[in-house]
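Notes to accompany the following structure.
The values are calculated or read from the model by the stated rules, or taken from the named source; none is laboratory data. Predicted model, so just to flag it, every value in this text is computed and none were measured. Here the Cβ positions follow ideal geometry from the backbone for every residue, glycine too, while neighbour counts run over all protein chains shown. Only protein heavy atoms, including side chains, enter the accessible area calculation; ligands, DNA and RNA are left aside. Shrake-Rupley method; radii C 1.70, N 1.55, O 1.52, S 1.80 Å.
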Amino acid sequence: MAAAGGVAFAILTAKDSFIAGAVFGICLCVPIFAFERGVILQRLHAWTNQLPTFGFILAGLSIYYVLINIGFAIAGTAMWSIGFMSGSFMEATIIPPNILLYTLGVSAILTFILRVRELLGRDIFASLIVGRYRQPVNENRVFLFIDLAGSTSYAEKHGDLRAQQFLSALFTAYSGPVRRHRGTINDYVGDAALITWPLEKGIQDARCVFDVLDTIAASAPRWLEEFGQVPSLRAALHGGPVITAEIGVDHHKITYFGDTINTTARLEGLCRTLSAPVLISGELALRINFPADIITEQLGTHGVKGKGQPLAVVALKRNATNQAINLSESQLCKFNEPATRITHFQQLRVR
């Protein structure tokens, strides 16, 4: 997209070559995209996101201005050195006002699109744009529910605001592993995240849950320093047929209906009952070739509310000999949760 913007400018202004326009487009826009994605200048990016709207806009424009000038100087130096640009070196490396305004405009539009895509989710954004689910679609998907254990007691101890900050940091930690495993965070329900894949991808990438756990464990000292404990998670995996549909009028959303998603919610509830942090349905476990560092433990069949037949349940564990990250019991800071807590999954009605 950045290269296309540069080519478009070269066409509109009839200056220099298309190749030079593409190079300038990449060098001008890519640093801005990298900044918006938190790839570069991560602390500055985090600081700007905490500013009020007006301050955020001013800070963003200032940072864009600096990045654009740096990108233009780099591209101009490269193009001038190999003879793709006429004129003096200063003319090649100092950005003219019209190019600056054009680049700011294009970057603002593309950044806005990226932000909307991040708000909705990459796959959801694309599906909404093309109207894939305007009419309900029957498809097979894999679902992963990840739930924070002990969120109620944490809120009682530290307050709702601190608990929300804890959850926000936790959900942010999910994003990297989910992106790497080509999944989609479809929704946040209370203190849980609902992650999904088409069935074929899910069979290959369902070990995402262990990538999430490793990410949390790897930054255990930071969690202890900032929040006083390391998150303790429960997770459940299940897959099967669902009806996927776009719903809403003023606020559109892609959602899933059917027994599969309800069963996944009920399976997550069994994690506490069976004292197993990661569970998978026996039906889905049979379709996955687990890597050597993941072992399975058959837990028999269990009755699930809203499901007529018992569900075969399998626990997933990391093989201790192959586990890349080890934490002591004191680091994990396990904490108890009141038995009377009403789980957020009761919000999901059996359809």
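Can you give the accessible area of S275, probe radius 1.4 Å, in Å² rounded to 10?
Solvent-accessible area, nearest 10 Å²: 100 Å².
Could you calculate the FRET efficiency of A59 with E156 from 1/(1 + (r/R0)^6), where r is the beta carbon distance between them and R0 is 51 Å, rounded to 0.05?
The formula returns an efficiency of 0.90 here.
What does the charge count near A315 come to, summing +1 for each Lys or Arg and -1 for each Asp or Glu among other residues with Cβ under 14 Å from its Cβ?
Every neighbour counted, the sum reads +2.
At 1.4 Å probe size, with no ligands or nucleic acids counted, give the accessible surface of K317 in Å², nearest ten.
100
Spelling out what I want: for every residue of segment 289-296, take phi, set θ = phi - 60°, compute 6.51 cos²θ - 1.76 cosθ + 1.60 (Karplus), and round to whole Hz; glycine and proline get x.
8, 6, x, 5, 7, 10, 10, 10
Could you work out how much longer the chain between L41 and T273 gets when fully extended? Use 0.36 nm per residue separation minus the Cα distance between them, nm to one decimal.
Extending this stretch completely gives an extra 79.1 nm.
For the residue pair A108 and Q204, what label-to-label distance in nm results when each label sits 7 Å from Cα along the Cα-to-beta-carbon direction?
Distance between the two pseudo-spin positions: 4.0 nm.
Using R₀ = 22 Å, calculate the FRET efficiency as 1/(1 + (r/R₀)^6) where r is the Cβ-Cβ separation of E283 and N319; round to 0.05. Walk me through the numbers on the way to the answer.
Working: r = 23 Å, r/R0 = 1.06.
Efficiency, rounded to the nearest 0.05: 0.40.
If the chain between V137 and Q164 were fully stretched, how many nm would it gain, using 0.36 nm times the residue separation less the Cα-Cα distance?
Taking V137 through Q164 to full extension adds about 6.2 nm, to one decimal.
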